Amino acid sequence: MNTENHNNTTETVAKKKGTDSRKTWILAIIAMVCTIISFIYRYQSGGSDAVTNISKGQSVFAYTLDDVNKVLDYQLKGWNDANIDVFMSGYIKDSSVRFITDKKVKTSWQEITDSYKKGYPDKDAMGKLTFHRDEIRWVNESAYIAQVIGRWEVIQKHKPTRDTLSGRFSLIFVGTTEGPKIQIDHTW
């Protein structure tokens, strides 16, 4: 085998993988920016699903950042008890919810729930979930819109290799009559 050709092939594959990775990140960032712009536009133009419009006199559902932490803790408990329905109670259950990954944007609570139930059909597949909360902050405190940026990890003990799935997330919370709920989940 010609060493020079082998090295060129290896370099070409490495460059392609690097380019694909950069493209994925760029697409993910573009999707997140578009979603946030859409959310802001909708808020300013009077969208009424879960977003409240202060200027039109509609009520704002107040909550604290500690309440956001409680939602995340409740989701963890639901997941680790193999109860996806409890986990999904942290999401707003209307047409404004968005779940964005590098593969798809899910646009309904039911679609997100069905996807989780298909991908994690039982307790073994669900494993143990942990969240690392890097930042919890107000995006707009007077409108009660908060963001959580963090990392997630699922350890699946049932596999011989003891797989660990992990990634990052950015969550946008809004106030509802039931407390803060996730309206936008960007997970990668």
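The values are calculated or read from the model by the stated rules, or taken from the named source; none is laboratory data. In this text the structure is predicted, and so the values were computed from the model without any measurement. Cβ coordinates were reconstructed from backbone atoms using ideal geometry, including for glycine residues, and neighbour counts include every protein chain displayed.
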Count of residues meeting criterion [at pLDDT 95 or above and touching a helix residue (DSSP H, G or I) at 6+ places or on another chain (Cβ under 7 Å)] in the stretch 90-104: 7
Restricting the stretch 58-69 to residues that are in contact (Cβ under 8 Å) with a residue 12 or more places away in the chain and either outside any helix (DSSP H, G or I) or charged (D, E, K, R) (or both), the residue that is surrounded by the most Cβ atoms within 10 Å (Cβ to Cβ): TYR63
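Within the stretch 127-149, can you find the residues that are assigned to a helix (DSSP H, G or I) and either acidic (Asp, Glu) or touching a His at 6+ places or on another chain (Cβ under 7 Å) (or both)? Spell out the reasoning first.
Of all residues in the stretch 127-149, those assigned to a helix (DSSP H, G or I) come to 141-143.
Listed by number, the list holds a single entry, GLU141.
Could you go through the stretch 180-188 and let me know if any residue there is under 13 Å from the mean Cα position of the chain (by Cα), free of Cβ contacts under 8 Å to residues at least 40 places away in the same chain, under 18 Å from LYS77 (Cα atoms) and part of a strand (DSSP E or B). Give the derivation first.
Let us first name the residues in the stretch 180-188 that are under 13 Å from the mean Cα position of the chain (by Cα), namely 181-188.
Then keep just the ones that are free of Cβ contacts under 8 Å to residues at least 40 places away in the same chain; that gives none.
No; the residues of the stretch 180-188 include none that is under 13 Å from the mean Cα position of the chain (by Cα), free of Cβ contacts under 8 Å to residues at least 40 places away in the same chain, under 18 Å from LYS77 (Cα atoms) and part of a strand (DSSP E or B).
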Condition broken by SER142, with the remaining ones in (1) touching a residue at least 40 places away in the same chain (Cβ under 8 Å); (2) farther than 19 Å from TYR74 by Cα; (3) exposed (fewer than 15 other Cβ atoms within 10 Å of the Cβ); (4) within 16 Å of the chain's Cα centre (by Cα) satisfied: (4)
Filter result for the condition that a residue is assigned to a loop (DSSP other than H, G, I, E, B) and surrounded by fewer than 17 Cβ atoms within 10 Å (Cβ to Cβ), over ASP124, ASP102, ASP85: ASP102
Test set (1) touching a Leu at 6+ places or on another chain (Cβ under 9 Å); (2) surrounded by 12 or more Cβ atoms within 10 Å (Cβ to Cβ); (3) of a type outside the set (Val, Ile, Thr) - ARG137 fails condition number: (2)
